[in-house]
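Colleague: Starting off with a structure, shown below.
Please treat every number below as a calculation from the coordinates, not as lab data. Computed from a predicted structure; not experimentally measured. As a convention, Cβ positions derive from the backbone with ideal geometry for all residues, glycine included, and neighbour counts pool all protein chains shown.
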2 protein chains.
Amino acid sequence: MISFLPLFCHPNPKKVLIVGGGDGGVAREVVKHPLVEEVHQIEIDERVVELSKQHLPSMACGFKNEKLKLTIGDGFEYMKNHKNEFDVIITDSSDPIGPAVSLFNESYYKLMKHALKEDGIVCSQGGSFWLDLSYIKKTMLGCKEHFPKVSYAITSVPSYPCGHIGFVIGSLNKNQKFVNSVNKIDNFDIEALNLKYYTPEVHDAAFALPRWVQQSLMSVLN
Amino acid sequence: MISFLPLFCHPNPKKVLIVGGGDGGVAREVVKHPLVEEVHQIEIDERVVELSKQHLPSMACGFKNEKLKLTIGDGFEYMKNHKNEFDVIITDSSDPIGPAVSLFNESYYKLMKHALKEDGIVCSQGGSFWLDLSYIKKTMLGCKEHFPKVSYAITSVPSYPCGHIGFVIGSLNKNQKFVNSVNKIDNFDIEALNLKYYTPEVHDAAFALPRWVQQSLMSVLN
């Protein structure tokens, strides 16, 4: 979902950057999208990639795709050297405490904005609304400083705390619609992708938030 | 969700039966619906009701509403004596193993059909697709024996295994649409209900199943 939500919100996601995602799962999914031509991935910890190749081959298979170029290094430094390059940036990080905390800050969104082309889209792991809505709101406010359209979506992951995970998504396109936005790919093509989870209905459902969450995020949702 | 999914699928849910639901939570929600005039509840275990009143007052407050008539007894016996009476029957039971197993059988759906008025709707606790899809399919097949339209919906419940719960819903109206079906209540009225979770978008999202679930249930979904 962290891959297909932003990819299907973008009319032509030719060039994608993945920050983190060292297990290879996000890369495995992103390369499936027929409009994606190049995927660049910047992962700080080479050991994660090695261990995934060793123990999680069903995830790590993403690294084998010819669309993908993996770089080991710091995402912040990488983006400073890549301006106006990407259509979509996906950040697959750990939680917003400890080493990954900087990937949830306003300054990170500023950096992503500059690495994006016009109308680019970002999507990051965003935590569960059952656990800490204030963190989600803070991340969204940081995103909103640089992205005119911001939203929050959820999907079921039974092994995560509370059984789901959220995503903060931002777009530089001020007319972006995140719901009913699946485009350029008709249903026939979606069938051909043979995805296990994602459908256009699942895409839209991800943005249907419980009323109390919607009301709490009202000031940042648009 | 077990209350509002069937209530908002029915054009005029005047008279509702709740089977089980001894904590009072379903009754608390059902009575909020402005078109609901009478709610009858049949709970087999009086001790559950007593303990809820004692320890879960925020749930048990449902029993105080003047629309509600609570009967202690067996749901099967109760329905045998109430033919063509209800618009909606909600079964809020425990899991389909042990004492509640009979509430998931085809014979239970047959009994509910006879207790329902024309175009009546049933909704039951239906388990998680992450845990045992075969149970869900079996329950839906039992429902389909007597109800021309059957579907399965999900909602997030962080305290349940896998963080969500499903519902099996059936309608005697062969033209029933479960999605985009919220009717008779406009958005203004929904606002006035001051619900914490339910919105028309959350209603439709509940029926958006992951592709592998949708495909597994294809033969029973319609």
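Colleague: What does the copy distance list look like for B:Pro11, label position 7 Å along Cα→Cβ, in nm and ordered from shortest?
Modeller: Copy-to-copy label distances for B:Pro11: 4.2 nm.
Colleague: A further question on this structure: Hey, got the average number of other protein chain Cβ atoms within 10 angstrom for residues in A:160-172?
Modeller: Details: counts 2, 2, 7, 12, 5, 1, 0, 0, 0, 0, 0, 0, 0.
Mean shielding by partner chains, rounded to a whole number: 2.
Colleague: Still on this structure: Let me know the mean shielding of B:204-210 by other chains, meaning the per-residue number of their Cβ atoms within 10 Å of its Cβ.
Modeller: Working: counts 4, 10, 2, 2, 9, 5, 10.
The shielding value for this peptide is 6.
Colleague: Between chain B and chain A, with a rotation axis joining them, whose C-beta in B is nearest that axis, and what is the whole-Å distance?
Modeller: Rotation axis B onto A, closest Cβ, rounded to whole Å: B:Gly163, 1.
Colleague: Ratio of alpha-carbon Rg to the 2.2 N^0.38 Å globular estimate for region B:53-170, to two decimals, please.
Modeller: 1.11
Colleague: Another question, then. Between A:Ala100, A:Gln176, A:Tyr197, whose Cα lies farthest towards the positive end of the dipole of region A:3-220 when Lys and Arg beta carbons carry +1 and Asp and Glu beta carbons carry -1, centred on the Cα centre?
Modeller: Selected residue: A:Gln176.
Colleague: Let me ask something additional. Highest mean first, how do A:134-147, B:143-156 rank when packing is the count of other Cβ atoms within 10 Å averaged over residues? Walk me through the intermediate numbers first.
Modeller: Details: A:134-147: 19.4, B:143-156: 21.8.
Order by mean packing, descending: B:143-156, A:134-147.
Colleague: From the Cα trace of the protein assembly as shown, what convex hull volume per residue do you get, rounded to a whole Å³?
Modeller: Values: hull volume 65.1 nm³, N = 444.
In the protein assembly as shown, the Cα hull volume divided by residue count equals 147 Å³.
Colleague: Within region B:137-167, name every residue whose backbone N is under 20 Å away from a label modeled 7 Å from Cα of B:Tyr197 along the Cβ vector.
Modeller: Residues passing the 20 Å test: B:151-167.
Colleague: How high is the relative contact order of region A:72-222, in percent, with contacts defined as C-alpha pairs under 8 Å that are six or more residues apart? Kindly include the intermediate steps, with their values, before the conclusion.
Modeller: Numbers: 224 pairs, mean separation 32.7, N = 151.
It rounds to 22 percent for region A:72-222.
Colleague: Determine which lysines satisfy two conditions relative to B:Lys113: a Cα distance under 22 Å, and not lying fewer than 8 residues away in the same chain.
Modeller: List returned: B:Lys14, B:Lys15, B:Lys69, B:Lys80, B:Lys83, B:Lys137, B:Lys138, B:Lys144, B:Lys149, B:Lys174, B:Lys177.
Colleague: Sorted from shortest, what are the nm distances separating the label point of B:Trp212 from equivalent points in the other copies, each placed 7 Å from Cα along Cα to C-beta?
Modeller: Label point to label point, same position, other copies: 3.2 nm.
Colleague: With only alpha-carbon atoms counted, please give the Rg and Dmax of region A:54-98, in Å.
Modeller: When restricted to the Cα atoms of region A:54-98, Rg and Dmax are 13.3, 36 Å.
Colleague: Give the separation of the Cα centroids, region A:151-177 to region A:35-95, in Å.
Modeller: Between the Cα centre of region A:151-177 and that of region A:35-95, the gap is 20 Å.
Colleague: Can I ask one more? When the expected Rg is taken as 2.2 N^0.38 Å, what fraction or multiple of it is the alpha-carbon Rg of chain A?
Modeller: 0.94
Colleague: Ok, one more. Work out the length of the dipole vector of region A:3-220 about its Cα centre, built from +1 on the beta-carbon of each Lys and Arg and -1 on the beta-carbon of each Asp and Glu, and round it to the nearest 20 debye.
Modeller: Numbers: 23 positive and 25 negative charges, 90 e Å.
So the dipole magnitude of region A:3-220 works out to roughly 440 debye.
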